[in-house]
Amino acid sequence: MKVVEALTGRSSHQVAPPTGRYIKNWNVLKPGQIVEVLNEHGLLIIAEIDALTDDHTIIWLRSLRSGQRTLHLVEDPISLYEL
């Protein structure tokens, strides 16, 4: 959690507007990249990209706070932002 706070100045799970640039095209994403994830409930999560499919339509994210790993499809109601 301290890594997240050092990178962003805030905790890894909170309701707040994202600070990074919106990532429209998932083709630019790489494993190990840290992103802000805004979900359909307005919760902002800081996560590491754990894995991507070759066509970049499925992504595995690992929360930096909880370590929980989640799978998302490109059509899921989440928005990704660069940190």
Checklist (1) within 17 Å of Arg65 (Cβ to Cβ); (2) among the hydroxyl-bearing types (Ser, Thr, Tyr); (3) modelled with pLDDT of 90 or more applied to Thr8, failing item: (3)
Long-range neighbours under 6 Å by Cβ, at least six apart or interchain, first residue part of a strand (DSSP E or B) and surrounded by 11 or more Cβ atoms within 10 Å (Cβ to Cβ) within the range 28-43, second modelled with pLDDT of 95 or more and among the hydroxyl-bearing types (Ser, Thr, Tyr): Glu36/Tyr81; Leu38/Ser79
Among (1) in contact with a strand residue (DSSP E or B) (Cβ under 7 Å, 6 or more places away or on another chain); (2) at pLDDT 95 or above, the one test that Ile45 misses: (2)
Pairs where the first residue, in the range 46-67, is at negative phi and part of a loop (DSSP other than H, G, I, E, B) and the second is surrounded by 14 or more Cβ atoms within 10 Å (Cβ to Cβ) and of a type in the set (Ser, Thr, Tyr), C-beta under 9 Å, 6+ apart: Leu64/Ser12; Arg65/Ser11; Arg65/Ser12; Ser66/Ser12
Members of the range 57-73 found to be at pLDDT 95 or above and surrounded by 14 or more Cβ atoms within 10 Å (Cβ to Cβ), listed by number: Ile58, Ile59, Trp60, Leu61, Arg62, Ser63, Leu64, Thr70, His72
Residue count for the range 68-83, restricted to those that are among the polar types (S, T, N, Q) and part of a loop (DSSP other than H, G, I, E, B): 1
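The values are calculated or read from the model by the stated rules, or taken from the named source; none is laboratory data. Remember, it's a predicted structure, so these values are computed and weren't measured experimentally. As a convention, Cβ positions derive from the backbone with ideal geometry for all residues, glycine included, and neighbour counts pool all protein chains shown.
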